[in-house]
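Just below is one structure, and these are the notes that go with it.
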Amino acid sequence: MSAQAKLAGRRRLTQAELDLIVGSHERYLQRKPGGRRASLRFVHLGGLNLSGRNLSEADLSASVLEGCRLVRTKLERADLFGCDLRMADLRQAVMVKADLRGVCLRGADLSQADLTGADFREGKVAMPSEKSGLDIARHEQRVGEVDEANFTGAILDDAEMSGVSAFAADFTDCSMVGAKLIGANLKDANFSGALMQGADMSGANLENANFAGAVVVGMTMEKAKTAGARMEKVLREPTEEAASKAPELLERAQANQAWCKTGGKEGAAAKLDGEDLRPLAGALKGMRMTAMSAKGACMVGLDLSGAHLQGAKLEDADMRAVNLRGADLRGAKLMRADLTKADLRGAYLGPLPLGGREISTDVTGAKLRYVAAQTANLTLAVLDAADLRGADLTAAVMDGVSIKDVDFRQVQGFEPPKEEPTEDEFGPLKTPVSIEDAAESGQ
């Protein structure tokens, strides 16, 4: 046992010992014989690997997990009270309703982690005596600390972060709907592009924080320190004009549906370019809106699940967090649209047969950051220059898709085909020479 571990009063486990305990815990979760709930309280696990394991409901309170690898680890409802998770790798970890009171996550990577309903509040942490270890321990109040942590693309909906210290933390493109950050230290934090509807930042220190492009509808900042805070292009509540126009816009959508149902005899394709459609909320769910035009429209958070949007013109539309699950988008024009954190699971973005030809769905230059596109059909779609950071394409159909200038390094579930060597890279391709030909020519 190291001197540091002795002073901390925590027994250091080996990887082999930890694997045995976790294996037993996983059997416990599966209700299999020999299973036992993991009790890993006051132990030293620094630097060990728990990636991909299931530690849901485990008790790891007051343990040291500094520098641990916990990529895609399941920690749902786990007790991490007072843990030291500095510099831990928690990418895509599932920490729904985890107890993180008094935890230290300084410098940790929690990008794309699911922290829905997690509790980061202040906690009373046991501090062992340097001489007697845990035999004699004092208790001290400790605020949750996530200074300089990386939360890009994470889910923090309804998380309790009141009083937390998150100096210079990165919350870019986070979903923080309904999160409570009352009195938190958020100085120099980055919230650019974050979805913060209904978040409560009352009394927080927001000095020099960056909210550029964030959705701040219903966000409370009463008595917060905001000196130097950047609020460029934030998306606020719909205007009174937009709210009053909603019935008219709904009538246009309904006319589009009638146009589809009657083969063009009634109604007309809807023209919704540049409109704020957010007041319609879920009114367009499942609606038939083939060939509708909503170029540059604000559609943040709309429920368009199951909608018929074949041939729709959606260029430059703000479609962040839109629910398009099971929607038919064949032949749609989505160039430069912002679909960050949209739900495209089971959506159909294949080609649209029209007049004896097929029109591909065009998503050129669109933002598809952290989009959920599992089982989506993107056959022959044009994704050139699209931003797919953090996208999940697991089991998506990608036959014939055009992917020029797309970076797939942070994409899940899809491995782009390797390109054939070109003359520019390796010089002119040569025809293979047989041994017999070489002998005759003297090569």
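The values are calculated or read from the model by the stated rules, or taken from the named source; none is laboratory data. Source: prediction; values computed, not measured. Because the Cβ atoms are built from the backbone with ideal geometry, glycine has one as well, and the counts that use them run over all protein chains shown.
Test of understanding: among Gly301, Gly331, which residue is in a loop (DSSP other than H, G, I, E, B), out of contact with any Phe, Trp or Tyr (no Cβ under 7 Å at 6 or more places or on another chain), in contact (Cβ under 8 Å) with a residue 24 or more places away in the chain and closer than 19 Å to Glu237 by Cα? Explain how you work it out, then say what you get.
Numbers: Gly331 fails: closer than 19 Å to Glu237 by Cα.
None of the other options fit; the residue is Gly301.
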Boolean, Asp89 is without any contact (Cβ under 8 Å) to a residue 60 or more places away in the chain, in contact with a Phe, Trp or Tyr (Cβ under 9 Å, 6 or more places away or on another chain), of a type in the set (Asp, Glu) and crowded, with 18+ Cβ neighbours inside 10 Å: no
Leu349 meets each of (1) hydrophobic (A, V, I, L, M, F, W, C); (2) modelled with pLDDT of 95 or more; (3) more than 18 Å from Leu280 (Cα to Cα); (4) surrounded by fewer than 24 Cβ atoms within 10 Å (Cβ to Cβ) with one exception, condition (4)
Checked Ala337, Ala385, Ala307, Ala366 against criteria (out of contact with any strand residue (DSSP E or B) (no Cβ under 9 Å at 6 or more places or on another chain) and under 27 Å from Leu272 (Cα atoms)); the one match is Ala385
When segment 6-41 is checked residue by residue, the ones that are at pLDDT below 95 and part of a helix (DSSP H, G or I) are Lys6, Leu7, Ala8
Subset of segment 395-424, residues touching a strand residue (DSSP E or B) at 6+ places or on another chain (Cβ under 6 Å) and either part of a helix (DSSP H, G or I) or at pLDDT 95 or above (or both), comes to Val397, Ser402
Checked segment 42-66 for anything at pLDDT 95 or above, in a loop (DSSP other than H, G, I, E, B) and touching a Ser or Thr at 6+ places or on another chain (Cβ under 7 Å); matches are Leu45, Leu50, Ser51, Gly52, Arg53, Leu55
Contact list, first residue from segment 335-353 and touching a residue at least 40 places away in the same chain (Cβ under 8 Å) and farther than 13 Å from Gly193 by Cα, second anywhere and of a type in the set (S, T, N, Q) and surrounded by fewer than 24 Cβ atoms within 10 Å (Cβ to Cβ), beta-carbon distance below 7 Å, six or more apart or interchain, is Gly350/Asn377; Gly350/Thr379; Leu352/Gln310
Flagged in segment 246-294 as more than 18 Å from Met319 (Cβ to Cβ), out of contact with any strand residue (DSSP E or B) (no Cβ under 9 Å at 6 or more places or on another chain), in contact (Cβ under 8 Å) with a residue 12 or more places away in the chain and not hydrophobic (A, V, I, L, M, F, W, C), in numbering order, are Gln254, Gly267
